[in-house]
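Novice: Okay, here's the structure, questions in a sec.
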Amino acid sequence: MSKEVKLFLGPNHPGMHGNSSVHLYVEGDTVVKSRLVPGFLHRGFEKLMERRTWMQNLALIPRICVPEPDINEMVYAMAIETLTGIEVPEKAHWIRMIILELARIAAHLMAMGGIGGATGLYTMPYWVMPDRDRILDIFEKITGARIYHMYIIPGGVRKDLPQGIEKDILEVLDYIESRSDEYENLLLKHRVIRTRTKGLGVLTREEALEMGVTGVGLRATGLPYDIRKVDPYARYDKVEFEVPTATEGDGYARFTLKYLELQQSIRIIRQCIDMMPKEGPVNVRFSRGSALRFRVPAGSVYAHVESSRGEYGYFVVSDGGEKPYRIHVRGASYPQGLYGVENKLPGTRIEDVALWLGTMDFCSPEIDR
Amino acid sequence: MSVYETFKKSFWGPTIAWKRLFTKPVTIRVPKVYREAAPRYRGFHVNDWELCSGCSTCSKVCPTDAIKMVPVDITVEPGKKAQRPAIDYGRCTFCAMCVDICTTGSLNMTREYIHISDDPNTFFFLPDETGIHHNNPPLGYQRDENSDLLDLERVEMEELPGEDRVDSFIEFVKGYSREQAIVEASRCVDCELCIDVCPANMDIPRYIESVYRDNTTEGVDWIYKTNPLPGVCGRVCTHKCETVCSIGHRGEPVAIRWLKRYIIDQESTEDIIRHAKEEIVKKSTGKVAIIGAGPSGLAAAYYLALMGYSITIFESKALPGGVMRYGIPRYRLPDEALDKDIEVIKALGVEIKCNTTVGKDITLDELKEKYDAVFLGTGFTTGRSTRVPGTDHKNVLMALPLLEKIRDYLRDPENAEKPPIPASLIVIGGGNVAMDVARSVARLQKMEGKKINVKVTSLESMEEMPADLEEIVEGKEEGIMFFPSRGPKEVVIKDGKIVGLKTVACTRVFDEEGRFNPQFDESDVTIIEGEMIVEAIGQAPDYSYLPEELSEKLEFVRGRLLVNEKGQTSIPWLFAGGDIVHGPDIIHGVADGHKAAIGIDEFLRNKEG
Ligand code: SF4
Ligand code: SF4
């Protein structure tokens, strides 16, 4: 009988997805018990929000999720819009969708790079990062920033799209599509990757539902649960796209779905560019007064969107003041990050832990908030 | 669906990357490779010091406390503060909210992409007009109308339309509703620029905030700290504060005056009195006489009464209020608003002896005997004349006595003497008093069933006229005709009756140095027709109540009394304020009264000690 050893994966470890720590108890090469130790990254986001004005929080919330900050802006804006009963202008809906889908592509590319990294296939991150950078270039042109855009605001978006940006976006989409063969060959058709991920970290539908796992984790069990379809926001009900699903529920299925979703995002953005009104306002003020004194009517609301990692939501309570009374963030990574790590890692081999975390798309800041 | 079959295993999969072995890497080597940032890039900040008012709104909106306002060595003008934002890039999130809220548009962001320095202190800097790295970086992120975080439009004040309001002397400004007041109050950015400009240094942002928080009771407290005539000032103050309000740089200034009125209109006189009484802080002994129940006299009385002094005001007119009661027309300042303010002052035990003219019914020497100190707030009571030929005609009147007559008549039409209501009137002057006369007579004409026929002529051009713009605009709406840039030459009299005013073109009012030095074009002569003329070219003080030996000891500067910063004249027991010190302006009078109260208290305590 081998001895049980305790190993620390993270917080600063190349195999760790963000600054969390997983304590692994291993016997030989196999994990027998695992504990997530969060708290190394941001802490107190939700409390910080209660101390800032509604407007100031726009600079804080994107930081909850670095790879895909825009979803925070979106759910926050949606929550406030519901509380104020404000109608977002048509054009803003389409711009928001473009932003969100670009962000999804960027996040999926990064996740694919992460899977490459966890399997020792470093070419993948080396390729996806510069490709992702092209999307960041687009963000820079639209919002003025590459990562923290602070662009989707309550009432619409902060500025209209710059002239001619549609052409730039289409060029980037074409480019990413032109890379498809290479991505597929390098990652999805790769013998080693397939061998390493097939049958890895199988999550059954029952398990996923019980834990609250959404996103590709759930869709890989055959359930086409996607907020964009089940509770469409913006103008997702006006565009055509598919929600890819799989039945295997394993690591390979999950990252393949990510890749397929990336293709769907490209499809959505192209439709948005076609269908978006060329003219018209891009925001309405949700309250009169200076930003220092914006107030949101009292009430509570839960707003949710489909992030690249699953259902992402904010439960917002306003007491009618200039600051939120309470905001609770439902991070998509929370179930798989917390329950998943503790329930599903035991039985896994050590070298597969990083891969499991990668295919589940575990994102620390969504847990440390 | 099985995804295993979607992508079939490829023999070449692992080797696909090799073909890129010799392609050029995309690495950017900063700072050697120049990377042009996008036109909207949110880089470092630049601040145009000329435009910047030091309002500190950027630092208030900053979510990370990255902006600190630091004192700078510049000459301060009204509406500006000698401070500028310093930005700590260790904290900045580059959100650009400071740019979006900047009240003047002085703050912008550059397209600078990198900042490399061995010195960590360079990450905290004071922006100046030369840019951060002194290299005139191209501008990046700038605010536009979509991203603007200020509310530039004022909540419109409901007023009776011109054609309706000229039918009566009813107050035509309706006042804000609760909702409107709260929205208007929410536009304030709490920059405090208004405080310095307000002669009474009212804590405007605080009372505006109380409106925003729907707590007008608290608002009353803030107002009364420096101004016991809010009902009056909330209606007719010259609102200098609004001229510097930082929102006014790019939009309409906060309606400070109407918000003050809103607060006071919400609270009952009894409640205000209760508050005021709670403020009586210490019991001092001593008696102070105040001459004139105008703005300065009433203000001085209020604050002295709070300090516990026993106060008597001597007022020559039948009712207290001075210019507020007898000068300003009812449609702008109804008696009820003034009475409410005076009620509070009287409730503190201030005695107002009306119909008592100092110098006639009681002498200043007697006051000196009976009281420990005397405050003069006698105001400007006499009019100035153009002295052109014909002004001695009985139908050439002075503005103030006419306004007084009109107010007396409106108050008590049965017993008061009816003011003359000519079929056509010419008003000489371009100030607010001229507007008051013109608009009052227009109303009387209308009420008498006559056609409105009032003409205003002034030396100044339409743009230069000293009257408030709103007075001119409203006057026009009410049917007043304007004849600007004309100088009176002679009253034209035929068969003993006035038929008009001969005027010549005024080509210039002020000389290069800005001094009053009108120039005329004698060849351009016009006769403005009218049967009555009112001269409203300015008012002057009447010091006839001052005994000669006192007059000799007092110092005057161009007709005004010279006092120190506590309102004390060169005679220690004699204090003064208001028009006779600062010229005609209610809020100056209030401020003077407050200052003098502090001065008198100090003087009396020193005397006791
Ligand atoms: S950009 Fe944002 S964080 Fe930076 S100084 Fe301006 S308001 Fe503060
Ligand atoms: S009223 Fe105007 S000047 Fe005064 S604090 Fe508010 S914004 Fe500033």
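The values are calculated or read from the model by the stated rules, or taken from the named source; none is laboratory data. As the structure is a computational prediction, the values presented were derived from the model and not from experiment. A quick note on method: Cβ atoms are made from the backbone with ideal geometry, for glycine too, and the neighbour counts reach across all protein chains shown. Side chains included, ligands, DNA and RNA excluded: accessible areas come from the protein's heavy atoms. Shrake-Rupley method; radii C 1.70, N 1.55, O 1.52, S 1.80 Å.
Novice: Quick one: B:Ile527 ticks every box in (1) over 25 Å from the mean Cα position of the chain (by Cα); (2) open to solvent by less than 50 Å² (accessible area, probe 1.4 Å); (3) at pLDDT 95 or above except a single one, so which number is it?
Specialist: Of everything listed in (1) over 25 Å from the mean Cα position of the chain (by Cα); (2) open to solvent by less than 50 Å² (accessible area, probe 1.4 Å); (3) at pLDDT 95 or above, B:Ile527 misses just condition (2).
Yes/no per residue for (1) touching a residue at least 60 places away in the same chain (Cβ under 8 Å); (2) within 14 Å of another protein chain (Cβ to nearest Cβ); (3) out of contact with any strand residue (DSSP E or B) (no Cβ under 6 Å at 6 or more places or on another chain):
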| position | (1), (2), (3) |
| --- | --- |
| A:Asp231 | yes, no, yes |
| A:Glu240 | no, no, yes |
| A:Leu262 | yes, yes, yes |
| A:Ile268 | yes, no, yes |
| A:Cys272 | yes, no, yes |
| A:Lys278 | no, no, yes |
| A:Ala291 | yes, yes, yes |
| A:Glu306 | yes, no, yes |
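Novice: Let me ask another. Identify all residues within the range A:172-209 that are under 22 Å from the mean Cα position of the chain (by Cα) and free of Cβ contacts under 8 Å to residues at least 24 places away in the same chain; write none if there are none.
Specialist: Correct list: A:Leu209 only.
Novice: Considering only residues of the range B:51-80 that are over 20 Å from B:Leu149 (Cβ atoms) and within 16 Å of ligand 2 (Cβ to nearest atom), which is least open to solvent (accessible area, probe 1.4 Å)?
Specialist: B:Gly79
Novice: Do you know which residues across the range B:460-483 are free of Cβ contacts under 8 Å to residues at least 12 places away in the same chain and either in a loop (DSSP other than H, G, I, E, B) or under 12 Å from B:Ile428 (Cα atoms) (or both)?
Specialist: Residue satisfying the conditions is B:Glu463 alone.
Novice: Is it fair to say B:Glu512 is part of a loop (DSSP other than H, G, I, E, B) and either in contact with a Leu (Cβ under 6 Å, 6 or more places away or on another chain) or in contact (Cβ under 8 Å) with a residue 40 or more places away in the chain (or both)?
Specialist: no
Novice: Taking the conditions exactly as written (within 24 Å of B:Lys370 (Cα to Cα), more than 16 Å from ligand 1 (Cβ to nearest atom) and open to solvent by 10 Å² or more (accessible area, probe 1.4 Å)), does B:Ser296 satisfy them or not?
Specialist: no
Novice: Which members of the range B:225-269 meet the condition of being assigned to a helix (DSSP H, G or I) and farther than 22 Å from B:Pro584 by Cα?
Specialist: Those that are assigned to a helix (DSSP H, G or I) and farther than 22 Å from B:Pro584 by Cα: B:Ser246, B:Ile247, B:Gly248, B:His249, B:Leu259, B:Tyr262, B:Ile263, B:Ile264, B:Asp265, B:Gln266, B:Thr269.
Novice: Which ranges mark the helices (runs of 4 or more DSSP H) fully within the range B:306-422 that have 3 or more residues being of a type in the set (Asp, Glu) and either open to solvent by 40 Å² or more (accessible area, probe 1.4 Å) or farther than 18 Å from B:Val236 by Cβ (or both)?
Specialist: B:335-347, B:364-370
Novice: Just give me the residues in the range A:328-346 being open to solvent by less than 50 Å² (accessible area, probe 1.4 Å) and of a type in the set (Lys, Arg), in sequence order.
Specialist: Within the range A:328-346, A:Lys344 is the sole residue that qualifies.
Novice: Condition (residue is of a type outside the set (A, V, I, L, M) and either farther than 24 Å from B:Pro138 by Cβ or within 16 Å of ligand 2 (Cβ to nearest atom) (or both)) applied to the range B:26-46: is it met by at least one residue?
Specialist: yes
Novice: Could you check the range A:154-204 for helices (runs of 4 or more DSSP H) lying wholly inside it with 3 or more residues that are within 30 Å of A:Glu81 (Cα to Cα)?
Specialist: Hits in the range A:154-204: A:165-178.
Novice: Which condition number in (1) at negative phi; (2) open to solvent by 20 Å² or more (accessible area, probe 1.4 Å); (3) at pLDDT 80 or above; (4) assigned to a loop (DSSP other than H, G, I, E, B) is the one that B:Phe94 fails?
Specialist: Unmet condition: (1).
Novice: Quick check: anything in the range B:441-449 under 27 Å from the mean Cα position of the chain (by Cα), β-branched (Val, Ile, Thr) and part of a loop (DSSP other than H, G, I, E, B)?
Specialist: Checking the range B:441-449: not a single residue is under 27 Å from the mean Cα position of the chain (by Cα), β-branched (Val, Ile, Thr) and part of a loop (DSSP other than H, G, I, E, B).
Novice: Exactly one condition in (1) within 30 Å of B:Ile247 (Cβ to Cβ); (2) in contact with a strand residue (DSSP E or B) (Cβ under 8 Å, 6 or more places away or on another chain); (3) away from chain B (no Cβ under 13 Å) is false for A:Gly313; which is it?
Specialist: So the condition that A:Gly313 fails would be (1).
Per-residue answers, yes or no, for (1) modelled with pLDDT of 95 or more; (2) in a helix (DSSP H, G or I):
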residue: A:Phe40; (1), (2): no, no
residue: A:Ile71; (1), (2): yes, yes
residue: A:Met74; (1), (2): yes, yes
residue: A:Ala92; (1), (2): yes, yes
residue: A:Met97; (1), (2): yes, yes
residue: A:Gly116; (1), (2): no, yes
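Novice: Do the conditions hold for A:Lys141, that is, is it within 11 Å of chain B (Cβ to nearest Cβ) and of a type in the set (D, E, K, R)?
Specialist: yes
Novice: Would you please name the residue that is surrounded by the most Cβ atoms within 10 Å (Cβ to Cβ), looking only at residues in the range B:136-169 that are within 11 Å of chain A (Cβ to nearest Cβ) and over 30 Å from B:Tyr41 (Cβ atoms)?
Specialist: Out of the qualifying residues, it is B:Val155.
Novice: Could you check the range A:164-187 and list, in sequence order, the residues that are open to solvent by 20 Å² or more (accessible area, probe 1.4 Å), within 11 Å of another protein chain (Cβ to nearest Cβ) and at pLDDT 95 or above?
Specialist: Selection gives A:Asp168 alone.
Novice: Let me ask something else about it. Please go through (1) open to solvent by less than 10 Å² (accessible area, probe 1.4 Å); (2) more than 18 Å from A:Arg309 (Cα to Cα); (3) aromatic (Phe, Trp, Tyr) for A:Tyr76 and return the number of the only condition it doesn't satisfy.
Specialist: So the condition that A:Tyr76 fails would be (2).
Novice: Among the numbered conditions (1) under 30 Å from B:Val358 (Cα atoms); (2) of a type in the set (Gly, Ala, Ser); (3) not in a helix (DSSP H, G or I), tell me where B:Gly500 comes up short.
Specialist: Exception for B:Gly500: condition (1).
Novice: Among the residues in the range A:320-327, are any away from chain B (no Cβ under 14 Å), open to solvent by 10 Å² or more (accessible area, probe 1.4 Å) and in contact with a helix residue (DSSP H, G or I) (Cβ under 6 Å, 6 or more places away or on another chain)?
Specialist: The answer is no; no qualifying residue exists.
Novice: Still on this structure: Checking the conditions here, which among B:Arg443, B:Arg486, B:Arg439 is within 22 Å of B:Thr382 (Cα to Cα) and touching a residue at least 24 places away in the same chain (Cβ under 8 Å)?
Specialist: After ruling out the rest, the residue left standing is B:Arg439.
Novice: Limited to the range B:188-216, what total is found for residues that are open to solvent by 20 Å² or more (accessible area, probe 1.4 Å), within 10 Å of ligand 2 (Cβ to nearest atom), away from chain A (no Cβ under 11 Å) and closer than 18 Å to A:Arg293 by Cα?
Specialist: Final tally of qualifying residues: 2.
Novice: Can you name the number of the only condition in (1) away from chain B (no Cβ under 12 Å); (2) surrounded by fewer than 18 Cβ atoms within 10 Å (Cβ to Cβ); (3) under 30 Å from B:Phe11 (Cα atoms) that A:Glu210 fails?
Specialist: Condition (3) is where A:Glu210 drops out.
Novice: OK, next. Are there any helices (runs of 4 or more DSSP H) wholly within the range B:161-224 with 1 or more residues that are hydroxyl-bearing (Ser, Thr, Tyr) and within 17 Å of B:Cys245 (Cβ to Cβ), and if so which?
Specialist: Filter on the range B:161-224 gives B:204-212.
Novice: Same structure again: Mind listing whichever residues of the range A:219-252 are farther than 17 Å from A:Ile71 by Cβ and in a helix (DSSP H, G or I)?
Specialist: Result: A:Arg219, A:Asp237, A:Lys238, A:Gly251, A:Tyr252.
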